[in-house]
Amino acid sequence: MKKGDKILLTFKVLEVFKNDSLAQADYQKEMEKDAPRQKKSRKR
C-alpha cells in the first residue's frame with residue numbers, strides 16, 4: 001500500500017440478539033471455541 005490508497009471494509013450482520021443475556025451466552029460459546037487458537041498464538 002502507498003499513501004492515498006483506500007481500504008474498503010464490508011461487514012455482514014449474522015445474528016441480532018433479543019437481549020443481553022443471549023449475546024453474553026453466545027460470546028462465551030465462541031470464546032471457548034477460539035481458546036485453542038489463542039493458546040497456540042501465545043506460545044510464539
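Observations on the model:
- Within the stretch 1-24, residues that are free of Cβ contacts under 8 Å to residues at least 12 places away in the same chain and aliphatic (A, V, I, L, M) sit with their Cβ atoms under 8 Å from residues that are assigned to a loop (DSSP other than H, G, I, E, B) and surrounded by 10 or more Cβ atoms within 10 Å (Cβ to Cβ), at 6+ positions apart or across chains, in these pairs: A23/F17.
- Some residue of the stretch 9-25 being charged (D, E, K, R), surrounded by 10 or more Cβ atoms within 10 Å (Cβ to Cβ), at negative phi and not in a loop (DSSP other than H, G, I, E, B): no
- Evaluation of S21 against (1) within 16 Å of the chain's Cα centre (by Cα); (2) modelled with pLDDT of 95 or more (one fails), failing number: (1)
- Unmet requirement for E32, which otherwise passes all of (1) part of a loop (DSSP other than H, G, I, E, B); (2) of a type outside the set (S, T, Y); (3) surrounded by fewer than 10 Cβ atoms within 10 Å (Cβ to Cβ): (1)
The values are calculated or read from the model by the stated rules, or taken from the named source; none is laboratory data. Because the structure is predicted, anything quoted here is derived from the model rather than measured. Reconstructed Cβ throughout: ideal geometry from the backbone, glycine too, with neighbour counts over all protein chains shown.
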